[in-house]
Structures are given as structure tokens and as C-alpha cells.
1. Here is the link list: Lys35/Lys104; Lys41/Lys207; Lys19/Lys95; Lys35/Lys220. Which ones come out longer than 31 Å on Cα distance?
2. For the chain, modelled as a GNM with alpha-carbon contacts under 10 angstrom, which of Asn201, Asn97, Asn134 fluctuates the most?
3. Quick one: Cα centre-to-centre distance for the stretch 95-137 and the stretch 1-39, in angstrom?
4. Pop out the ³J(HN,Hα) list for the stretch 21-31 in order, Karplus 6.51 cos²θ - 1.76 cosθ + 1.60 with θ = phi - 60°, rounded to Hz; leave Gly and Pro as x.
5. If you take the beta carbon distance between Arg109 and Ser215 as r and set R0 to 35 Å, what does 1/(1 + (r/R0)^6) give as a FRET efficiency, to the nearest 0.05?
6. Mind sorting Asp8, Asp107 by how few other Cβ atoms lie within 10 Å of their own Cβ, fewest first?
7. Give me the angle, in degrees from 0 to 90, between the Cα long axis of helix 64-74 and the longest principal axis of the Cα atoms of the chain, rounded to the nearest 10.
8. Most fluctuating residue of Val137, Val204, Val52 in a GNM of the chain with Cα springs under 10 Å: which is it?
Amino acid sequence: MFNIAICDDSPVDLLSIEKLVRECLMDESIHSVIKTFHSGKTLLASSIEFDVIFLDILLQGEHGVDIAQAIALKSPRARVVFVSNSSEFMQEGYKVNALRYITKSADQRILRQDINEVFRYLMSLEQEIWVGSNPSVSVKTSEVMYASKETRQMVFYLTGGVHIDDNRTLKQCEALLIPQHFVMVHLGILVNVRYIRNVMNGLVELKAGTRLPLSRRMNKSVKETFLTFIKARQ
């Protein structure tokens, strides 16, 4: 089940997007809870952990890019889908790692197709793995921001500030995580590409603000993987 937010200051657009989202959820047979908001302020005040947020990029007195940045700090796991009347701010939207940028003026068939693709992508992230020992717990790979080799064990860092010690070897973690959009950024550190905000010389910055070392040897491959991941969502 997904927790979904829709934020738009136009009551007409809000109802229209909600109707489309509900139809797409039925298409994909996905059970979800939908909450609607008329402003970024009320959205950010919500205590609900959303999986995906359909966000108007131009709200009255607010900019969707600023709201998306605040969402990334508050709820790194949430994916933002910008919904706008024009493509003017598309580049800015993808700079804050928006999952998708949808124009309201598009044909209804295209809108529906775009929203369906969002949900299919989210479903593909829901693989569960067992991590930890005594006891092991089941977590979704989409909740793991990164895994790091520390002393003699691996530590899985999850959203919400949770971390779990695990007895797997680094090689075993590579086999488990690399197929799930993880990339090795430094010897012993595997990062979920979905949570990368920026790749700099010597550093990888995550959406939650965490900065991890980037090996010079891995610099090129990490940048290429990150850019490929971003382009695949456009």
C-alpha cells in the first residue's frame, strides 16, 4: 500500500489530478491512501510518511522546488512528481531529483500513461530483503539509503535515522544491492542511487544531507550511473 499526497492550490486541478491518480491506481490494482493539500505549508506540516507526492510547482506564494527540498530533508524516502501547467521549470524540478515532471496541459491519455509509469516504477522498488541478525528484520530496498562496511560487519542505514548491523560480507551485499540501483562510491560503501542529491569531486551528497566519501577511482562510474538514473526518469 502507498501513502499518496496531492498538493495543488487550484481546487479544480486538485480534483482532476486526484481522479486521474485513483483511476491509475485501479489500473495497476494498487491499494493506497490519498491525502490532498492546498498548500506546501500544510503538506509539510503533515505527520504522514508519504511514498509519493504529486506537487504543483507554482503554488500561491510558494515554489514547488523549495517545497521539494524541504520534503527531501524531512522525508528522504518520499518521491516527488511535479505537476505543472508548463514545462518552464522542468530543469529546476529535476535538479531536486524529482521522480517525474508532468504537464497538466498534456493529453489525458499521456497524463494517465505518465502516472501509471510512476506507480509501476514505485512497485519495482518494493523488493524486501532480510537484514540484521538476532533477530533479522524485513525491509524494503527502497528504505535503505546506503550500506557501509564498519569494523567487521556491514551496517545498513535506513530512512528515519534507523541503522541495522548485518553479518554479511561486502561481496554478499554487493550481490544483493547492486541490482537494486545501488552503486559503490568508496571501498565498503554502497549507496542507493535514488537518495543521491549531488555528486562532487571526492563527495557524494544524499538528499538527507549526509555526505559520503567518493573514491577518485570510482568518481566517473558513479557520475555516469547517477546521470543515467536521472535521465531514465525523464
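Where a number appears in this text, it was derived from the coordinates with a stated rule and is not lab data. What you are looking at is a predicted structure, and each value in this text was computed from that prediction instead of being measured. Every residue, glycine as well, gets a Cβ built from its backbone with ideal geometry; the counts of neighbours run over all protein chains shown.
1. Flagged as over cut-off: Lys35/Lys220.
2. Checking each option, the largest mean-square fluctuation is seen for Asn134.
3. 14
4. 4, 5, 5, 5, 4, 5, 4, 9, 6, 10, 8
5. 0.15
6. Asp107, Asp8
7. Helix 64-74 sits roughly 40 degrees off the main axis of the chain.
8. Largest GNM mean-square fluctuation: Val137.
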